[in-house]
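First the structure, in the form of structure tokens, and then the observations on it.
The values are calculated or read from the model by the stated rules, or taken from the named source; none is laboratory data. From a predicted model like this one, the values you see are computed outputs, not experimental measurements. Neighbour counts are summed over all protein chains in view; Cβ atoms, including those assigned to glycine, are modelled from backbone coordinates with ideal geometry. Ligands, DNA and RNA are stripped out before the accessible areas are found, and what is left, the full protein with its side chains, is counted by its heavy atoms. Shrake-Rupley method; radii C 1.70, N 1.55, O 1.52, S 1.80 Å.
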Amino acid sequence: QINEAEVVLFSVPSYACQRRTTLDNHNVTLTDALSLLAENAELSDEDGRGVAFRRAAAVLKALPAPVTAMSQLTGLPCLGDHSLRVIKDILENEASDEVESTKQSDRFKALKVLTGIFGVGSKTADRWIRDGIHNLHQLQESGATLNRAQQAGLEHYNDLNQQVTKAEADAITEIVQEAVVSVLPGAQVVLTGGFRRGKQTGHDVDFLITHPEEGREVGLMPKVVFWLESQGFLLYQKTTRNSYLEVKDGPGRPSSNMDRFERCLSIFKLAKKEERGIKVTVNTVKTRDSWRAVRVDLVVSPISQFAFALLGWTGSKLFERELRRWAGHEKAMSLSSHALYDNKQSRYLRAASEEEIFAHLGLEYIPPSERNA
Ligand code: CTP
Ligand code: MN
Ligand code: MN
Ligand code: MN
């Protein structure tokens, strides 16, 4: 019998962007279980269910101590019946049958393997599974047509499914910095994504590039890519040009959460630690076991949009989603990686820093290391 007075009751605000979520997660077993169900839902094109599980997991990530009894969860936001049932099963039986059977299911395993190929999304994977393709061997035998990204993804499958370390991210930062200052002195490179949030590993390395003088960043991406390519650092790249200013009357009201910056999705050829010289300007590695492939995302932003781009590309994905939901539902504002629009005043709100954006949104500032929702 538990004495009610001794049960630690938790309390958290309902939007993830109102909470401080560090990497110090006291409920890993529970959040792993809910994240797996979220992933399964997303891979099955059930985004609504996916978000519900992601929100539930994020609430547990924000708790200051492990959950030991269901009674502690009373009054917590975002915990629906389904999530509560999963948590209860784990607290009582150490595992959830639903999570275990999902993990073991042929369909989930095949979806994981196939979407583990860079360039393959859940729709493509689903189509292949319906054609009887469940693994890489069957894919190669099938004669299915692969686009350029998927070919590169398949070729570097093992490397790209191995986590990138902070040391590797730092080595890539040096290369990208060298490339950027070589083609445009004064331009700035910032590490974003999970590594900016303090993660020690990631699935890729994300960079935001800008120049302190508005307009100087125009045309930068192709030059950076050309430099990297000619120095032998790129195994694959696809650059998408900026389309934000192409809207007829200047920047349109942010409508979708897809941003329209000039961006480059790439695969780097990174020398292994022993092979990395002091000089980064030329990639001299030759033999296959002296380098590995690493996914790298590059984004170029004009300085006027930099704070929004930095906030938008730092993540986590759920934190970003919650910021936009907060802006829309609580403040009648539209937030994107380009701008913040106030629907009541019918005008854009300027910001030169992330702090100013949080202030516009009426939110306490949350530093990157506490955006790990
Ligand atoms: N992002 C985006 N548009 C995309 C892809 C990503 O705005 N098409 C943003 C995400 O919202 C996130 C950031 O870029 O804020 C980083 O995304 P990603 O690299 O996928 O995630 P990380 O948080 O860096 O996690 P990981 O360590 O696994 O890379
Ligand atoms: Mn703690
Ligand atoms: Mn990332
Ligand atoms: Mn990324």
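For Ser96, state whether it is over 15 Å from Thr29 (Cβ atoms) and not assigned by TED's automatic domain parsing to the domain that holds Val296. Answer is no for this residue.
Restricting Ser35, Ser14 to those that are out of contact with any helix residue (DSSP H, G or I) (no Cβ under 6 Å at 6 or more places or on another chain) and either outside the structural domain of Glu370 (by TED's automatic domain parsing) or not in a helix (DSSP H, G or I) (or both) reduces the list to Ser14. For first residues located in segment 84-106 and in contact (Cβ under 8 Å) with a residue 24 or more places away in the chain, partners that are in a loop (DSSP other than H, G, I, E, B) and lie 6+ apart or on another chain with Cβ distances below 8 Å form the pairs Val86/Ser96; Ile87/Val67; Ile87/Leu79; Ile90/Ser96; Leu91/Val67; Leu91/Thr68; Leu91/Ala69; Asp106/His134. Checked against the criteria, Val224 counts as part of a helix (DSSP H, G or I) and either within 24 Å of Gly50 (Cβ to Cβ) or open to solvent by less than 20 Å² (accessible area, probe 1.4 Å) (or both). If we scan segment 177-186, do we find a residue that is open to solvent by 60 Å² or more (accessible area, probe 1.4 Å), away from ligand 3 (no atom under 16 Å from the Cβ) and within 30 Å of Thr21 (Cβ to Cβ)? Yes: segment 177-186 contains one or more residues that are open to solvent by 60 Å² or more (accessible area, probe 1.4 Å), away from ligand 3 (no atom under 16 Å from the Cβ) and within 30 Å of Thr21 (Cβ to Cβ).
Pairing each residue of segment 63-78 that is on the phi > 0 side of the Ramachandran plot with any residue that is surrounded by 11 or more Cβ atoms within 10 Å (Cβ to Cβ) and not in a loop (DSSP other than H, G, I, E, B), provided the two are 6+ apart or on different chains, yields C-beta distances under 6 Å for Cys78/Arg55; Cys78/Ala56; Cys78/Val59. Restricting attention to segment 128-166 and to residues that are open to solvent by 40 Å² or more (accessible area, probe 1.4 Å) and among the charged types (D, E, K, R), the residue that is nearest to Glu46 (Cα to Cα) turns out to be Arg130. When Asp297 is tested against (1) at pLDDT 95 or above; (2) acidic (Asp, Glu); (3) surrounded by fewer than 14 Cβ atoms within 10 Å (Cβ to Cβ); (4) closer than 27 Å to Lys166 by Cα, exactly one condition is not met: (3). Evaluate segment 95-112: report whether one residue or more is under 25 Å from Ser369 (Cα atoms) and out of contact with any Cys (no Cβ under 9 Å at 6 or more places or on another chain). No, that holds for no residue.
For the structure I just gave you, tell me whether Leu36 is open to solvent by 20 Å² or more (accessible area, probe 1.4 Å), within 16 Å of ligand 3 (Cβ to nearest atom) and either out of contact with any Cys (no Cβ under 8 Å at 6 or more places or on another chain) or at positive phi (or both). Spell out how you get there, then give the answer.
Details: open to solvent by 20 Å² or more (accessible area, probe 1.4 Å): yes; within 16 Å of ligand 3 (Cβ to nearest atom): no; either out of contact with any Cys (no Cβ under 8 Å at 6 or more places or on another chain) or at positive phi (or both): yes.
Against the criterion (open to solvent by 20 Å² or more (accessible area, probe 1.4 Å), within 16 Å of ligand 3 (Cβ to nearest atom) and either out of contact with any Cys (no Cβ under 8 Å at 6 or more places or on another chain) or at positive phi (or both)), Leu36 does not qualify.
Scoring Ala332 on the criteria (1) open to solvent by 10 Å² or more (accessible area, probe 1.4 Å); (2) in contact (Cβ under 8 Å) with a residue 60 or more places away in the chain leaves a single failure, condition (2). When segment 93-127 is filtered for residues that are surrounded by 12 or more Cβ atoms within 10 Å (Cβ to Cβ) and polar (S, T, N, Q), the ones remaining, listed by number, are Ser96, Thr102, Ser105, Thr115, Ser122, Thr124.
There is no residue in segment 211-232 that is in contact (Cβ under 8 Å) with a residue 12 or more places away in the chain, more than 22 Å from Phe118 (Cβ to Cβ) and among the hydroxyl-bearing types (Ser, Thr, Tyr).
Looking at Leu23, Leu9, Leu63, just one residue is within 16 Å of ligand 1 (Cβ to nearest atom) and not in a helix (DSSP H, G or I), and that residue is Leu23.
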